[in-house]
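Report on one structure; see the data block that follows.
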Ligand SMILES: CC(C)(COP(=O)(O)OP(=O)(O)OC[C@H]1O[C@@H](n2cnc3c(N)ncnc32)[C@H](O)[C@@H]1OP(=O)(O)O)[C@@H](O)C(=O)NCCC(=O)NCCS
């Protein structure tokens, strides 16, 4: 029996309307539009309104996918929901989305791998298609980073934004699809990027709130160094493993944490910046949503065609990192 390959057959996305520009942030902390642009590549980001949870965006992204690709929600068999900002610790946000979109025959769960969440979730979803267990798997990446960002901390508040996007996986009908993946974790990196409060280690108390333990903590420089090396290494590794050269690649689809990390990864792969998907300038770091939002927008704009080789690459808290080779199927 020939091997079943998984293919991305549909995409959807959603970003909130409210824009937080660098000029707006200049009024909140001591920083400047010029510093933020030159050190990160970010000009603005989108923020969800208070009271609207992560699922608000994810439901809209999924509905966008269902409508534009003519997919019936009852046909979805599994929902894998990647996020570090679930609506609540439980029930899972996968359950909330399943109910809202009418995916009455699906099971599902949440998955945490921070900025590598979508790469880990996509690879996980692929296994359910390749094994023959399921025929339609919805993989969602969504984060409301504004809900865990301290807007008085200039080291972090400049970086993050809110967004959601999703892909549908189905058995491939041709030679295209998700070809290979390489994933890594290293818990030694945990001390540089984390949120201390709210879990079983530090359940919420007045003290955890006073000490700002429910916000992202990041020691930027070690994370920057590890991300630059990790993303570049794993991207080069997946190309070498599969005998791919820069000429074979239509697009690098990197996680959008910092434009300088993206440039370093592209340079290591030998691809020019015209072959790199970028949305950091307008959305900032939307954590698990950066990569599917890139896929969604470039697909919608007709910039990717069936058969194009994409290298998806990520690095995030944990540390978590990885790369996926995709031959585009839409
Ligand atoms: C956060 C980050 C943008 C900071 O950029 P950087 O070039 O490393 O800046 P540094 O931390 O070295 O700080 C340089 C100076 O700028 C200052 N600075 C920091 N944030 C600033 C801001 N928003 N505006 C102006 N100055 C700022 C620092 O205080 C420091 O001043 P000092 O030299 O007087 O101490 C960068 O480290 C980064 O992108 N890290 C990785 C982020 C990431 O990828 N996170 C997600 C997981 S992948």
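Any read-out appearing in this document is the output of simple, stated calculations on the displayed coordinates, not a laboratory observation. Computed from a predicted structure; not experimentally measured. With ideal geometry, Cβ positions are generated from the backbone for all residues, glycine too; neighbour counts draw on all protein chains shown.
A few remarks follow.
- Looking across the stretch 279-303, the residues that are within 14 Å of the ligand (Cβ to nearest atom) and part of a loop (DSSP other than H, G, I, E, B) come down to 284, 286.
- In the set (1) buried (at least 22 other Cβ atoms within 10 Å of the Cβ); (2) away from the ligand (no atom under 16 Å from the Cβ), residue 77 fails one condition alone, (1).
- Qualifying residue in the stretch 145-153 (condition: surrounded by fewer than 23 Cβ atoms within 10 Å (Cβ to Cβ), assigned to a helix (DSSP H, G or I) and more than 16 Å from the ligand (Cβ to nearest atom)): yes
So that you can scan it fast, the table gives a plain yes or no per residue for (1) outside any loop (DSSP other than H, G, I, E, B); (2) surrounded by fewer than 16 Cβ atoms within 10 Å (Cβ to Cβ):
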| site | (1), (2) |
| --- | --- |
| 25 | yes, no |
| 42 | no, no |
| 50 | no, yes |
| 59 | yes, no |
| 88 | no, yes |
| 125 | yes, no |
| 129 | yes, no |
| 134 | no, no |
